[in-house]
Structures are given as C-alpha cells and as structure tokens.
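None of the figures in this text is laboratory data; all of them are computed from the coordinates on show. From a predicted model like this one, the values you see are computed outputs, not experimental measurements. Cβ sites come from the backbone with ideal geometry, for glycine too, and all protein chains shown count toward neighbours.
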Amino acid sequence: MATTARSDIAARAARVIPGGVNSGQRRVPGLESLVIAATSGATFTDGEGNVYTDYHAAFGPPLLGHNDPEVDAAVAAAARSVGLMGVGVTEIEVELAERICELVPSVEQVLLTETGSEATFHAIRVARAATGRRHIVKFQGCYHGWHDAVAMNVISLPENVGNRDPLSKGVLPEVTEATIVCRFNDADDVERALSEHDVAAIILEPIPHNIGAVLPEPGFLERLRELATEHGAVLVFDEVITGFRHALGGYQSIAGVTPDLTTLGKAMGNGWPVSALGGKRELMDMFSTTPGRPAFFAGTFNGHPPTAAAALATIDKLQREPVHEHVFRLGERARSGLRDLYARLGVPAVVSGFGSVFVTYFLEGPVRSYDDLLANDVDLFVGYRRELMKHGIFELPLNLKRSHFSYAHADEDVDRLLEATEAAVTTMLAAR
Ligand SMILES: Cc1ncc(COP(=O)(O)O)c(C=O)c1O
C-alpha cells in the first residue's frame, strides 16, 4: 500500500474533521500531524513509515496485541454469517453474556453496549431508577466517559480540586450539582457525602487508571462496600480498564469486593467496540428490555454480532493461553527495572502500576489520591516520553497517562524500554 506523506493526511484531516482527530484525547501537543498508517502486535507505524513499540495501546484495548489474528478471524466469520438485525437475539450474544456471568463475580445478568460511556450512563440511570434518589458520588481523578453526570473532575487544575470541575460547557448546572466528588482512598469523605445527600450510586474505577495507577489502600474498597450497603446506595465498579486486563473476573475478583453493578469495555474486545453493563439481577431486571420496566435501554448497535464474536474470541484466548501471566511478568520486570533506574539516577520517582499497567510519577510520594499527583514534574513526565519517540518507543506524552503491556510484547521490549528510558530521562535532566 502506497503511503501518502503524513503531513498531507493530517492537513486533509484538519479541513474536514474539527481539530483533525475523532476524540478530544487524540490531539496531543507536539504531535498534531501524527498519522497512524498501520498497527501490528506490539507496534504501530506512522505515516512516514516509522515503527514504534506501542505502550499507549489506544488507552487499553489491545491486551492481546493489535490485530490479533484469532480475534479478527472470529469477527470476519461472524460478519459472514449473521449481520445486525435489530430484532430478537443471536446465539453469539447469549454465549458472551453466559461467559461474562460465569466469570465476573458481581454479574448475574448483563447487557451489551458499544462503548464504556454508554455502560456507565446506564449504570447511573438504573441506580437512580432503583433508588429514586438524585445524587451520585464519583472520585477526583476517575473517568467514566463523556456524558454529563460524570464528565468532570478527572485531571483538574490545582485550583479546581475540591470544586465541581466539568470537562465541558453545555452541561446543565443541576446535572453537575447532582454529582458529588470525593477523594479516592478517603472513606470518611464518602461517608460524609452519603450522610448529607440522597445518593443513588457510588461509581469508581477500583484502580483509578485515568490518572496512571493510584492503588486502593487495604480496606478502602471493602469500606465502600459497607457504606453503600448501609446507606442503600448502588456500588458501581467501572472496570472498563481493569476488567479482563487485570483478570478475567475483573479487579473485583482480585480485591474480593463485589459491587452491585460493573461496567466493562476496552480489553473485552481487544480493540473492537464492545462494552457491557452487568450486575445484580434485581437491578438489571429494571431495564426496559423487559417490557414495562422503568429504566429505558436501547441502542441500534448493541450486541452487534461481530463485536460480540471479538469479545468471545478474546475471552477464549485469555482462558486458553498464559496471557495474564505474561503481561504481569513483563509489567513487574518493567516496574522493578524503572525503580532501580530512578534510584541510580537519583530522580525522585514513584513507579506505580498493576499487572500489565505501569507509570512513573516524578514526585516524592506517597500517592494516595489525585491531590498527591499535583506534585508530579509534568515537564519531565511529558518530556521523557517525547524523547522516547526518538528511540522508537511510544508512551503517550500527556500528563499522568499510563502505559500498557500486551501479550505481543516480549522481554526484549522491556530491555529496550529500560535502556531508552534511561537515555531519555538523562537527556531531559541534562537540558535543565
Ligand atoms: C474507566 C473508564 N470508564 C469509561 C470509559 C469510557 O469508555 P468509552 O471511551 O469506550 O466510552 C473510559 C474510557 O477511557 C474509562 O477509562
């Protein structure tokens, strides 16, 4: 395939696509003319033919690596045999639902959506329908999608921490006001919110990966479970990132804490657009998929057979092959190598992560909550990642963004990552 120069494609994009990209997070300062020509396994190729080892991984989906041949073959086979009908159900949707119910502890019933945002939207809707309450609790630093109730307080400026900080104009103030923002790892803050307001749902990423990897302290998730039960609020684990990536049963199966509702997405379909909302039967039963039930649920593309096939093929491979063992081992090697490296260089750093996910914050620590991350040395964080690109390695050069290993990464990738990181950080420090 002949490749057009990337500057041409980016210029064409800018004429017909506002900002030249199809998601607000894709236009990265300094990389405005980045064009992706191809992806394969652990790499992508840009419009000029440069190949990068990819740790950004599209914010998380390709756990098996880009273009996994088995997943892609399953999609093609499904597309040949059953297209979208918009009435009734297909066997592949049932098989996928059965598999998710078997695997994820909290899930007794499940509905399929295309995106994670739709899944969290419906989680909140059904929680309000079930409780008749108004407020929801989210945490500073967690991201749950683009819809009005949750698109706020992710990576906030210091002056906005502690206030409601919507990501967008155009949101009704009463919607923003109905979301209470708490500090992660601060159960007292949540208890206060539950005592003072009529809270329908507490929604959280069990590991807030949208700000890298802030780990829940021992007892925090358990305490949220108790508080939600005591106060009659619905506990929602947004496992759009952690689900399937950290374990087939999601992070809840590792933590041993069972929420009322769970949202899943990203790694579930290894790059194909499929997501899910599952949970307790008594809540899931409230959706209008059962006639007369109060929580409206619809979507032309929900349960799309080829994407359901992608999810089933992904889950099959996760069950059949030592994917988690592999990515966890590489993640651990990278984290421990990075810790040694920063100790040797005398750079204050907290190397965090879980399983396949890793991130280095340039600060003294400890890291318990978003406000601790305000101390991150943003110039170094973004700068070394820009330098890494010169070594053919791509970690997203945006503040606090995490990196991922996939099944397609190998031990040599860890070696190259460590060497290149040392060179990149050293270059950054020398320039100061
Ligand atoms: C934890 C979490 N929840 C929900 C979403 C929204 O998913 P989507 O972008 O598929 O709508 C994201 C996306 O990054 C996410 O990280």
For Ala37, which sequence-distant residues (separation of 5 or more, or a different chain) have an amide H within less than 5 Å of its own amide H, given hydrogens modelled in the peptide plane? Thr45, Asp46, Gly47
Using alpha carbon centroids, what distance separates the stretch 359-432 and the stretch 185-209, in Å? 31
Straight-line reach check, Lys266, cutoff 12 Å on alpha carbons, 8 or more apart in-chain or any other chain, hits among aspartates and glutamates -> Glu114, Asp238, Glu239
In deg cm²/dmol and to the nearest 500, what is the mean residue ellipticity at 222 nm of the chain if only DSSP H runs of at least 4 residues count, each as -39500 (n - 2.57), divided by the residue total? -12000 deg cm²/dmol
Let me have the relative contact order for the chain, percent, based on Cα pairs under 8 Å that are six or more residues apart. 20
Based on Cβ point charges of +1 for Lys and Arg and -1 for Asp and Glu, what charge dipole magnitude is obtained for the stretch 21-102 about its Cα centre, in debye rounded to the nearest 20? 300
Is the shape of the chain rounded, prolate or oblate, going by the alpha carbon gyration tensor and its root eigenvalues a ≥ b ≥ c, with a/c under 1.5 for rounded and a/b larger than b/c for prolate? oblate
What ³J(HN,Hα) values, in whole Hz, does the Karplus curve 6.51 cos²θ - 1.76 cosθ + 1.60 give for the stretch 382-395 when θ = phi - 60°, with x put for Gly and Pro? 6, x, 5, 6, 5, 5, 4, 4, 5, 9, x, 10, 10, 10
Among the listed pairs Lys138/Lys280; Lys169/Lys280; Lys317/Lys401, which are separated by more than 32 Å between their Cα atoms? Lys169/Lys280
Relative contact order (%) - the stretch 1-142, alpha-carbon pairs under 8 angstrom, separation at least six: 12
Net charge near Phe405: determine it from the other residues with C-beta under 14 Å of the C-beta of Phe405, scoring Lys and Arg +1 and Asp and Glu -1. -2
Please state the shape class of the stretch 109-202: rounded when a/c is under 1.5, otherwise prolate if a/b exceeds b/c and oblate if not, all from the C-alpha gyration tensor. oblate
Can you work out ³J(HN,Hα) from phi for every residue in the stretch 123-139, in order, using Karplus 6.51 cos²θ - 1.76 cosθ + 1.60 and θ = phi - 60°, giving whole Hz and x for Gly and Pro? 4, 5, 4, 5, 5, 5, 4, 6, 9, x, 9, 9, 8, 10, 10, 10, 10
In terms of the Cα gyration tensor, with a ≥ b ≥ c the square roots of its eigenvalues, is the stretch 283-380 rounded because a/c is under 1.5, prolate because a/b exceeds b/c, or oblate? oblate
